[in-house]
1. Looking at the range 194-221, which of its residues are over 11 Å from residue 233 (Cα atoms) and in contact with a Gly (Cβ under 7 Å, 6 or more places away or on another chain)?
2. Would you mind telling me which numbered condition in (1) modelled with pLDDT under 75; (2) under 28 Å from the mean Cα position of the chain (by Cα) residue 339 fails?
3. Of the residues 291, 295, 328, which single one is among the β-branched types (Val, Ile, Thr) and either closer than 15 Å to residue 200 by Cβ or modelled with pLDDT under 85 (or both)?
4. Condition first: within 26 Å of residue 243 (Cα to Cα), modelled with pLDDT under 75 and surrounded by fewer than 22 Cβ atoms within 10 Å (Cβ to Cβ). Can you find one or more residues in the range 393-402 that meet it?
5. Please work out which residue is modelled with the highest pLDDT, limiting yourself to the range 197-213 and to residues that are over 16 Å from residue 320 (Cα atoms) and assigned to a loop (DSSP other than H, G, I, E, B).
6. May I ask you to say which residue of 281, 293, 264 is in the same structural domain as residue 201 (by TED's automatic domain parsing) and more than 27 Å from residue 155 (Cβ to Cβ)?
7. State which residue is surrounded by the most Cβ atoms within 10 Å (Cβ to Cβ) when the search covers only the range 366-390 and only residues that are of a type in the set (Gly, Ala, Ser) and free of Cβ contacts under 8 Å to residues at least 40 places away in the same chain.
8. Name the residues in the range 70-86 that are more than 19 Å from residue 148 (Cβ to Cβ) and either part of a helix (DSSP H, G or I) or modelled with pLDDT of 90 or more (or both), would you?
Amino acid sequence: MAQGSERQRSEPDGFERHRSARHRFIDAVPMPVDRSTSPPSTGSCSTASSGWVPRGSAAAGVFAVTDSDLLQAEIERVASAARCPVTLVRSVLDPALGGASVVLLGSDVALATLAVAGSTGGTVGDRPTKPWRGTTIIVGLAGEGTALWDAAGRWGADRVAVVPEAAAWLVDVLDDGLGTPPDRDRDRDATERTGAVVGVVGACGGVGATSVCVAVAEAARRARIGCLLVDADPLGHGLDVILAAGEPGVRWTELSEAAGRIPGDQLSEAVPRPHGIPLLGGGVTGVPVRVLGAVAAAAREAFSLAVVDIGRDRHSVQEWSGLVDRMVVVLPGHGQARLPVGCEGLDPEGLLAVVAGSPPDGLDAEAIAATVGALHYLPWRALPSVGRRLGAGLAPTDLSGRRCSAPDAILHFAQGGTPR
């Protein structure tokens, strides 16, 4: 899978996308009528046994591996729309796959191969042997659910495409010439996942943790830093409602039953982007910890930073404290503050106390931060007004004045620096 935050992307089962002109184009493409009486033309499927080779050579071509008439028909439509030759084979052991640049692996073959391996004594975690090094895309049908993701993980697939919903994306992939064999060693090397994950918790309700998250995400957007805003507060009002009401895209609901790894580029593609800020929200209650971990890992792959609004729920804080790199705790300025339950034992060096409002006479932000053991602190006197603006429906660009440096200072801390 390519590195970076803006990459070729797919969409897993249940992910919503805007219907584009390509969808309408695909719907208008006639199905091939009789391939037995004429040679295959550019943009259709042929079988490897027929001897037809795509333009260039088989080593640089796109192959489909399926025995399903329905999947074959969907792939034919995509190939015709993209004007890209696709060679059809029936088995993953076909020698023609050896140098394929892209393999569209049908879910029927992918799942059947895994079932046979299991019945012959193979271990559940065993990965099937692939004779190709090119990009692997599992192509499945709506309704196959998590089985597609299980198959993708076992096959080491780069992406999953559910047709016909993902047909337009497949057209883009083939039309853009995705065909360079990926550097697998680099793609799978966890050391390349350099994105940071920072959690934000509130010492009490209404102190401004959500406002901090939105302001920092907006600061990242202005600085052109790829940043995912994650609403993981089960007690909050919902950033999805505040920022992205009605905007299509994946929410926690669609991810709650995800099994195994979540590809970062797919997550980046699927989430809504209200006001230009990628947002994962929609209610986190009931989402398993394994999915939270998979989302954190995906965010590291696709974004430079993920800002997680954890809230103050004890279970949420405990779950996320082991997944984030650094933690920001928002404290009230009146000085009666305590570290939220679940934050005990955090490294003081990785803890930033943001003091909201104006402390009373005789008390300063440094003293308030010391009460929770934070080595770093940041006073933000205007934070309560930021929260009021957010609640009134103002856009993230209008939450804080241009002279306010607090969001940028927190952004710097979140990426491994000290507050400036």
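The values are calculated or read from the model by the stated rules, or taken from the named source; none is laboratory data. Given the structure is predicted, the values throughout are model-derived calculations rather than measurements. Because the Cβ atoms are built from the backbone with ideal geometry, glycine has one as well, and the counts that use them run over all protein chains shown.
1. 196, 208, 211, 221
2. (2)
3. On inspection, the qualifying residue turns out to be 328.
4. yes
5. Filtering the range 197-213 for residues that are over 16 Å from residue 320 (Cα atoms) and assigned to a loop (DSSP other than H, G, I, E, B), the one modelled with the highest pLDDT comes out as 208.
6. Going through 281, 293, 264 in turn, just one is in the same structural domain as residue 201 (by TED's automatic domain parsing) and more than 27 Å from residue 155 (Cβ to Cβ): 281.
7. 369
8. Result: 76, 77, 79, 80, 81, 82.
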